[in-house]
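> First the structure, then my questions, so here it is.
What follows is calculated from the coordinates using simple rules that are stated; it is not laboratory data. Every value quoted in this text rests on a predicted model; they were computed, and no experiment measured them. Note that each Cβ is placed from the backbone with ideal geometry, even for glycine, and that neighbours are counted across all protein chains shown.
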Ligand SMILES: [Zn+2]
């Protein structure tokens, strides 16, 4: 699995969590979008989506030892 960058604009950090969301006005029921979020922006992105009722769930990315 490739490293996913944080979805916050301008942020170059790698994600620690994935955020699953859907805009019910433009997405069908089974269609979801996935954002990456670094620890710093996780709360921001969840809040952003929650306020619009787009937020579905967040998933922690398990880091593999390298
Ligand atoms: Zn970030």
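> Using alpha carbons only, how many degrees (0 to 90, rounded to 10) separate the axis of helix 42-51 from the longest principal axis of the chain?
0
> May I pose another question? Quick one: length gained pulling residue 43 to residue 20 fully straight, 0.36 nm per residue minus the C-alpha distance?
6.9 nm
> At q = 0.12, 0.16, 0.18, 0.21 Å⁻¹, what is the log10 ratio I(q)/I(0) for the chain, with the Debye formula run over Cα points and no solvent?
One equal scatterer on each Cα of the chain leads to -0.30, -0.52, -0.65, -0.84.
> Can you put 50, 7 in order of Cβ neighbours within 10 angstrom, beginning with the fewest?
Lowest count first: 50, 7.
> Among 59, 46, which comes first, then next, by fewest other beta-carbon atoms within 10 Å?
Numbers: 59 10, 46 18.
The most exposed by this proxy come first: 59, 46.
> Below 8 Å, C-alpha to C-alpha, sequence gap of six or more: please give me the relative contact order for the chain in percent. Please report the intermediate quantities before stating the final value.
On the way: 102 pairs, mean separation 24.9, N = 66.
Over the chain, the number comes to 38 percent.
> Here's something else I'd like to know. Under the rule of -39500 (n - 2.57) per DSSP H run of 4 or more residues, summed and divided by the residues of the chain, what mean residue ellipticity at 222 nm is obtained, to the nearest 500 deg cm²/dmol?
-4500 deg cm²/dmol
> Would you mind ranking 45, 56 by Cβ crowding within 10 Å, fewest neighbours first?
By the 10 Å Cβ count, ascending, the order reads 56, 45.
> For the pair residue 56 and residue 34, how long in nm is the line joining their label points, each one 7 Å along Cα→Cβ?
Label at residue 56, label at residue 34, 1.1 nm between them.
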